[in-house]
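Values quoted throughout were computed directly from the atomic coordinates according to the rules given, and no laboratory measurement underlies them. If you're wondering where the values come from, they're calculated on a predicted model, not measured in any experiment. Neighbour counts are summed over all protein chains in view; Cβ atoms, including those assigned to glycine, are modelled from backbone coordinates with ideal geometry.
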Amino acid sequence: MRHGIVTGVVVLALVAAVAVAPVLAADWKPTKPVRVIVPWGAGGSTDQAIRAIAGDLEAALGQPIVVVNQPGGGGAIGTKSAMDAPCDGYTWASGAVKDLGTYIITGTLDTKVQDWHLYFDIANATLVSVNPNAPIKDFAEFLDLMKKDPKRLSVAIAGIPSAGHSAIEAIKRAGGGDYKLVSYDGGNPAVIATVAGETLATPQLLSEQIEMIRAKKLRPLAALTPEDLVIEGFGTVPSATKWLPKVSAQPIYFGIWAPKCVPSDVVQTMNKVWKERIATSKALKDYANQRGQIVAAYYGEEAFKRAWPTILDAAWGLSDGGKAKVSPDKVGMPRP
Amino acid sequence: MTLRPGAGSDGNPPPSHLPPYDRSEKTADMVKADFLTGLVLILLSLFVVFESWRMPRLEHLKVHPLSVPGLVPAFLGIVIFVLAVILVVRSVLAGGHRLGLSNEVLRRLRVEPGNRRLLVTAVLTIGYAGFLVGSIPYWLATGLFVFAFIVIFERRRGMTRREYVRLGLVAAILGAATSAVVTWAFQSMFLVTLP
Amino acid sequence: MAAILANLNQFISAIAGFLTPLALFHVSWSTLLGIIIGALPGLTATMGVALVTTLTYKLPPDLAILILICVYNGAIYGGSRSAILLNIPGTPANAATTLDGFPLARAGRAGKAMGIATSGSVLGSLIGMFFLATVAPLLGNYALKFQSFEFFWLAIFGIVISGHLTALEDPMKGWIAGFLGLLVAMVGQEGIHAYERFTYGTTDLLGGFALIPAMVGAFGFAEVMSVMRSPAPEVVQEARDSIIPKLGEVFRYWRTIIRSGLIGTIIGIIPGVGEDIAAWVSYAAARRKSPERDRFGKGSVEGLMAAETGNNACVPGAIIPALTLAIPGSAPAAVLLAAMFIHGVRPGPMVMVESPEFVYQVVAMVFFSTLGMLIYGLTLTKPLLWVLAVPRTRLMPVVFVLCAIGSYAITQRTFDIWVMIGFGIFGYILREMKYPMAPMVLGIIMGDILDKNLRRGLILTDGDLTPFFTRPISLVLWLVTVSSILLSIEPVRRGAQRAAQALRPWRPRAGTETR
């Protein structure tokens, strides 16, 4: 069915999707397109992570998946509009789960991660890389510079909050010293600035750095992963725990979520779709391999358990950095 | 039709080698308008500069003092202030501060047919987009809006009954067609969840 | 020479690869869809590409990307239609097109205007394609020379030039409009410390005023009000002129075409600035060099040509860094890049090493989309002229319906409809007092760039301003900006002209071609 009916017309795509659907005879059968709100710009990390599973979701649910980009406010605007939409399973929010968990800390939205049904698809690691001409040979020298001459150590991140900000703050907490924070419009611009030599280093996501690392335009020093990180087409990047045994080395989970008020048949169907379709999706696996990411098709309790430590970490990172309006321990987030 | 045939007389700005103001009556109005806009802009820019000054300096985060949030708004406020002062001075030199607003002038503004059409347009459009859309189904709101717009603007005094029926029919068809096409295109083709 | 021949060879085989009925069918519907999306006010190329990406999940990668490029290129071109016929730019890229396109249409030469827009877009696209095919990797690396300092000056430069060009009688008003636009862009969460400026606690304003509703309001809704107020309907004239542009007339402007094509491509390569700015900069350059510069803004064929050549040349230009560095040159190119990743194509610095044939496939895709544009451009013009014959009482409600839904469609928030209404009223009042709208829209685009890059630059240099003035590209940008401001002040200009004459007494007066 790959080439025969590929006419690109919605109607036919729809027919094709319906033809596959009966394989998964589930309770919830959507009767109109399902909307996934990406609270970031088109083409960003979240956008890609969601579009990578949209085809599978379409096939499983028998309705088109419409990705709507609502950027702004660090993801708060899009998440809020998912909260305001009718709670019927036709509107989902998405993003990195540590952002969802920390809106309450930054005071932007009154919602906790416990208020949502979580469905993850991909996990993404962060790693510290430097411009190839930078006078820093390894991670030890990087940590050294943080302590000795932080003014010279310009670090490009995607803003606050962002995966890169959490990462460099985690390193700072474990290793001491300081750095010169430089915010860009997103992960990719931050990486580009480091490649161009405007900044010395970047701690952004692997998916944003991988092409530059493969092309030797960035030199990775250490990955914030429990074990060493193997990058296809490059080699191995040592884990930061080698130098900082106590550094929190959690991956960033991406996925979609809906408020807990959605009907239970929606939840059951989605659980089933996640278990039978997303976990085994070839499209997702190919995408993950190519972009240096890990398939992480977790949902429900399992998803929450994996996300919780990363949320605590991000929340206390914000709090220690003076960006919190609400103290994490006031809303049930103890210091890790 | 309430419309009169014939070409409009505006749209011919003075040649570019002339200074900003010439001596026509239209320009006299513009000079006054510039005076008022200038004053409004001065107030706006002062407000912006004041608000920028109030924005946090984030000293506790040890951020660079030149990266504070208020820097660029303050800069823009100052630029607009300077431009607005030039505008006001220029207009005062041309006599723009003598506004000469009397009840007579205001009355003339009120009954001028163009202004009345403008008011009706504003009421219809804002009523439709701001209030009707979202409170009743989109297709109904759109159909009603197009229908009402055409009927209100094309009806004249002394129209026969047949002419009224004809106008109503044309407006209804156009309203229905617009509503159907737009609803279909955005809902089915562009997959937009309509308000 | 041999290298060029090898390039040509690869290009031809890539073209041949797409000469299948299925591929041609996809080209035909996707280019048309792109043109329609572009022509509808409020639907942009970015949205079009993002939308169609959803429809291509199940297609093989080469066809999917072919479709997306056709939509992208078609949308940038399609926006010229509403710019010429309705004075509403269909996409932000066509704001400069309204300046000369609409006056031409009002003078009964809408057919000619659309013909010129078509030839400009096609030629611009071809010039961009040429650079995409020949010097892609070299140009791609050059994009990295643009850093915070340069972006800051680019923003200032854009506002000053556009303010000057759109209000030739009174540049002050153009600058005021531009700076008001920059100020509008300050609303919302700022990009360095995530502080909320001018939001006063409203979540809807966290992201600031979105560009599209603001633009649709300032151009579209304001136009509806101004048409309804004017004492007489717009003079409807038959387009007596031929739709098919005379070749001789097109090539009379070969210098403008090549210059605009080059400028468009280069702006495309610079990351983060796209078709809208490309159109402005080539328009400005054309005016500076033109012997008929007095006609600019009043229906100059050359001005229209420059704007439309510039924005379409930007499309292949923006694809260059996307392909060779995985850095998108514009917003639609960012979506295109994401779609490539999703389809398993791996653009980036390795693409020339790993799969050079893909680069030529993309060149062929641009070629096919250009071909589609040309065919539709020549055939679709006549039906569109009917728009001019519709009485305003029937056209305007439909235009307004499109303005409302177009503002809503992108993010699907009713708040954006209110933004459209607000900017419509605000824009209408400013327009009545002869403030141009285009610099304001450009200001909204540039505000964010200006804010972040100025402060980022200051963080990087620890408050030292010198690099802002001494880095080579910055130096050129600020010199041009300052001289443009100075030359618009009457006594300074006269002095400069006298000085120029004193230095070159044997040359004719300024204002005529002296080359």
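For the reader, a short list of remarks on this structure follows.
- Between A:Asp84 and C:Thr466, the distance separating the two model label sites (each 7 Å from Cα on the Cα→Cβ line) works out to 5.1 nm.
- Cβ-to-Cβ counts within 10 Å put A:Lys330, C:Lys452 in ascending order as A:Lys330, C:Lys452, the fewest first.
- Shape annotation for the range B:110-189: C-alpha extents along the principal axes are 43, 32, 18 Å, from largest to smallest.
- Measuring between their Cα centroids, the range A:218-274 and the range C:474-496 lie 54 Å from each other.
- Working ranking of peptides A:204-216, C:115-127 by packing, defined as the average number of other Cβ atoms within 10 Å per residue, highest first, is C:115-127, A:204-216.
- Dipole size of the protein assembly as shown about its Cα centre, with +1 on Lys/Arg Cβ and -1 on Asp/Glu Cβ: approximately 2280 debye, rounded to the nearest 20.
- Spacing of the two label points (7 Å from each Cα toward its C-beta) at C:Ser483 and B:Glu112, in nm: 4.3 nm
- For the range C:125-196, the convex hull drawn through the C-alpha positions has a volume of 142 cubic angstrom per residue.
- Radius 13 Å from Cβ of C:Gly163, net charge of other residues (Lys, Arg +1; Asp, Glu -1): 0
- Average projection, convex hull of the Cα set of chain A: 16.8 square nanometres.
- Positive minus negative residues near B:Glu163 (Lys, Arg vs Asp, Glu; Cβ under 11 Å): +4
- Residues C:His164, C:His193, A:His165, sorted so that the one with the fewest Cβ neighbours within 10 Å comes first: C:His193, C:His164, A:His165
- Placing unit charges on each Cβ (+1 for Lys and Arg, -1 for Asp and Glu) gives the range A:127-242 a dipole about its Cα centre, and among A:Tyr184, A:Asn133, A:Pro226 the Cα reaching farthest toward its positive end belongs to A:Asn133.
- Partnerless cysteines, meaning none of the other Cys C-beta atoms lie under 4.7 Å away, in the protein assembly as shown: C:Cys70, C:Cys314, C:Cys403
- Distance between the modelled labels on C:Leu5 and B:Val170, one decimal in nanometres: 6.8 nm (7 Å Cα→Cβ projection).
- Contour minus Cα-Cα distance for B:Leu39 and B:Val120 (0.36 nm per residue): 26.3 nm
- Folded to 0 to 90 degrees: helix A:300-320 orientation relative to chain A principal axis, Cα: 40 degrees
- Diffusion of the range A:92-216 by Stokes-Einstein, at 20 °C in a medium of 1.002 mPa s and with Rh set to the Kirkwood radius over alpha-carbon pairs, works out to 138 µm²/s.
- Rounded, prolate or oblate (a/c below 1.5 giving rounded, otherwise prolate when a/b exceeds b/c) for the range C:406-451 by Cα gyration tensor: oblate
- Nearest-ten-degree value, helix A:139-148 long axis tilted from longest Cα axis of chain A: 60 degrees
- Gyration tensor (alpha-carbon) shape descriptor, the range A:181-336, a/c threshold 1.5: oblate
- Under the shape rule built on the C-alpha gyration tensor, where the axes satisfy a ≥ b ≥ c, the range B:40-195 is oblate, since a/c reaches at least 1.5 while a/b does not exceed b/c.
- Between the range A:135-196 and the range B:163-195, the Cα center-to-center distance that results, in Å: 55 Å
- Using only side-chain charges placed at the Cβ, +1 for Lys and Arg and -1 for Asp and Glu, the dipole size of the range B:110-189 relative to its Cα centre rounds to 420 debye.
- For A:Ser129, distant residues with modelled amide H under 5 Å away: A:Thr202, A:Gln204, A:Leu221
- Rg/Rh for the protein assembly as shown (Cα atoms only, Rh after Kirkwood) is 0.96.
- Between the amide H of A:His117 and those of A:Ala258, A:Lys260, distances stay under 5 Å, these residues lying 5 or more places away or on another chain, with hydrogens modeled in the peptide plane.
- Note on B:Tyr128, A:Tyr253: ascending count of other Cβ atoms within 10 Å places them as B:Tyr128, A:Tyr253, the fewest first.
- Placing unit charges on each Cβ (+1 for Lys and Arg, -1 for Asp and Glu) gives the range C:2-493 a dipole about its Cα centre, and among C:Ala331, C:Leu33, C:Val492 the Cα reaching farthest toward its positive end belongs to C:Val492.
- Cα-based convex hull, the range B:25-100, per residue volume (Å³, whole number): 66 Å³
- The charge dipole of the range B:25-100, taken about its Cα centre with unit charges on the Cβ of Lys, Arg, Asp and Glu (plus for the first two, minus for the last two), comes to roughly 100 debye.
- Extreme residue, positive dipole direction of the range C:2-493, given options C:Val387, C:Gly74, C:Met446 (C-beta unit charges): C:Val387
- Axis of helix A:187-196 versus longest Cα principal axis of chain A: the two differ by about 40°, to the nearest ten degrees.
- For C:Leu247 and B:Ser188, the FRET efficiency from 1/(1 + (r/R0)^6), where r spans their Cβ atoms and R0 equals 51 Å, is about 0.75.
- Above-threshold pairs, the threshold being 26 Å between Cα atoms, out of C:Lys289/C:Lys452; A:Lys147/A:Lys242; A:Lys137/A:Lys216; C:Lys145/C:Lys173; A:Lys137/A:Lys172; A:Lys172/A:Lys330: C:Lys289/C:Lys452; C:Lys145/C:Lys173
- More than 41 angstrom apart: percent of Cα pairs within chain C: 17 percent
- Cβ-Cβ FRET estimate between A:Asp27 and C:Ile375, R0 fixed at 35 Å, reported to 0.05: 0.10
- Within-9-Å neighbourhood charge of A:Val67 [Cβ basis; K, R +1; D, E -1]: +1
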